[in-house]
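Below is one structure, written out as C-alpha cells, with a few remarks after it.
The values are calculated or read from the model by the stated rules, or taken from the named source; none is laboratory data. In this text, all values refer to a predicted model and were calculated from it rather than measured experimentally. With ideal geometry, Cβ positions are generated from the backbone for all residues, glycine too; neighbour counts draw on all protein chains shown.
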Amino acid sequence: MGKNKFKKKPGSSLVERRQRLRDASNEIKIENKGKKTVTYSVDQLLNKAEECIDRFEYEVAQKFCQRALEIEPDNVHALETSGTLLLEVGNLEAAKHCFGRAVEVCPEQGYSKYMNLGQLLEGEHSVQCYQKGIELMVKEKQQQQAEEVAAACGGGQHVSDRDVSSAYLSVAEVYMTDLCFSENAEDKCKENIEKAIAADTQNPEALQTMSNFMLSKDDKEEARKMIKKSVELWLPPASSKEGAELAGNGAESDEGVMEPSTQLPYDSRKSAAKILIEVEEYDLTGEVLDNLLEENDEDPELWYLHGWTNYLRGEDYKGNARYYLNKTKKVYMKSKCQDIELMKHVEELLQELGPGDEGDVDSDAEDSPVGEAGDLEQEIQSADEDMEQ
C-alpha cells in the first residue's frame with residue numbers, strides 16, 4: 001500500500017556493518033592529493049543511496065540520505081527515501097517525521113508519502129492521508145493517460161488500477177479497525193470496498209474483502225458470490241496440475257499459469273479457504289487447501305482446515321476428517337506452531353469422531369480419505385512419506 005518492501009540481506013556481523021558505514025563516510029567526502037575536498041551533490045548522494053538499496057545495504061543507504069538532507073533539508077526525494085529506510089529498520093517516529101515533512105514541502109504531488117504516512121497514523125488522520133493519496137493517484141493516472149508520462153514529485157511512479165484499488169482497501173481497513181465504532185463506519189467501509197472493486201474489477205483481494213464484509217452482515221449468499229469470483233481469479237484450474245506434470249516431463253503447458261496481477265499472498269489465500277468454509281463451498285475449499293499444501297505442507301492449520309471441512313460435510317466424510325485431523329497432530333508436533341486453541345479443537349473433534357471402524361486413529365493407511373467422499377490425493381501420500389523421512 002505504498003510502502004516499499006525491501007528484501008532482507010543475510011545477517012552481517014557488527015564489524016562488517018561498521019566497516020560499511022566507514023566506507024560510506026569515505027565515499028561521501030574524498031580528499032585528493034592537494035587535500036582539496038570533493039563533495040557529492042544531492043543527486044549523486046541519492047544515486048549512491050539507491051545503489052546501496054539495490055545491494056541491500058540499508059544502513060549505508062541511510063547514511064547517504066542523511067548527508068543529502070544536511071545539504072537540502074527539504075529535498076522530497078531524500079525525505080521519502082530516508083523515511084522508507086527508517087520504516088525498514090523499525091524507526092517509526094523518525095519515518096513519520098520524514099514523510100510528514102515531505103507532505104508539508106510538496107503536498108500536491110506524489111502519492112506514496114501519503115500512503116506510507118497513512119500506515120503510521122491512526123483513525124481519522126490515517127483515513128485523511130489515504131484519501132489524499134488516492135486523490136493524487138487518480139490525478140496522476142489521468143495525466144498518464146493524457147500525456148503517457150507519470151507526473152510525480154520525487155520520481156515518476158506509474159499508477160495502476162491495482163494501486164488505486166489497494167488504496168481504497170487501506171481506507172476500508174481503517175474503518176474495520178481503528179474507526180469501527182465511529183459514526184457511519186459500516187457505510188464508509190462498504191463504500192470504500194465498492195470503490196476498490198470499481199477501480200479494479202480483477203483485484204481478487206477487493207472481492208474477498210467484500211465477501212468478508214457480507215459475512216459480517218449475515219448475507220451468506222452475496223458473500224458466497226464474491227468469494228467464488230475472487231478465487232476464480234487466482235486458483236489454477238484442476239487441469240493445471242496435470243499440465244505442470246506434463247511440462248516437467250518435457251511437454252509445454254501454459255494452462256493454469258496465473259498472471260502476477262491475480263496472485264494473492266499465502267495468508268490471503270488461507271483466509272479465502274476460511275471464508276469458503278463459512279459459505280459452505282466445501283469442494284472449492286478442498287481445491288484451495290490442496291493448492292496451499294503444494295506450497296507448504298508443514299502448516300498444521302491447512303491440515304486442520306481440511307479436517308474441519310470434511311467434518312462439516314457429514315457422516316460420509318468422517319473417515320476423511322479423522323485422517324486430516326490426525327495428520328494435523330503429526331504436523332503440529334514437527335512444527336513450531338503454538339496454536340493451543342487449534343489443537344484443543346482437533347482433540348475435541350477426534351474424540352467426537354471416535355476411533356473409526358479399524359480402531360486405529362493414528363494409522364494414516366487406515367484413516368486416509370477413501371471412497372467417493374474424497375480419495376486420498378497422490379500429493380498427500382507424498383507429503384506423508386516426506387514427513388516420515
Go through segment 107-131 residue by residue and tally those that are charged (D, E, K, R) and under 23 Å from the mean Cα position of the chain (by Cα).
2
So, in segment 132-158, of the ones that are at pLDDT below 85 and within 24 Å of the chain's Cα centre (by Cα), which residue ends up farthest from Gln202 (Cα to Cα)?
Gln157
Restricting attention to helices (runs of 4 or more DSSP H) lying wholly within segment 60-130, give those where 1 or more residues are touching a residue at least 60 places away in the same chain (Cβ under 8 Å), buried (at least 19 other Cβ atoms within 10 Å of the Cβ) and not small (Gly, Ala, Ser).
76-88, 112-120
Would you check which residues across segment 289-338 are assigned to a helix (DSSP H, G or I) and touching a residue at least 60 places away in the same chain (Cβ under 8 Å) and list them?
Asp290, Leu293, Glu294, Asn310
Across segment 155-208, what is the number of residues that are buried (at least 16 other Cβ atoms within 10 Å of the Cβ) and in contact with a Cys (Cβ under 9 Å, 6 or more places away or on another chain)?
8
Looking at Lys36, is it at pLDDT below 90 and within 19 Å of Asn116 (Cα to Cα)?
no
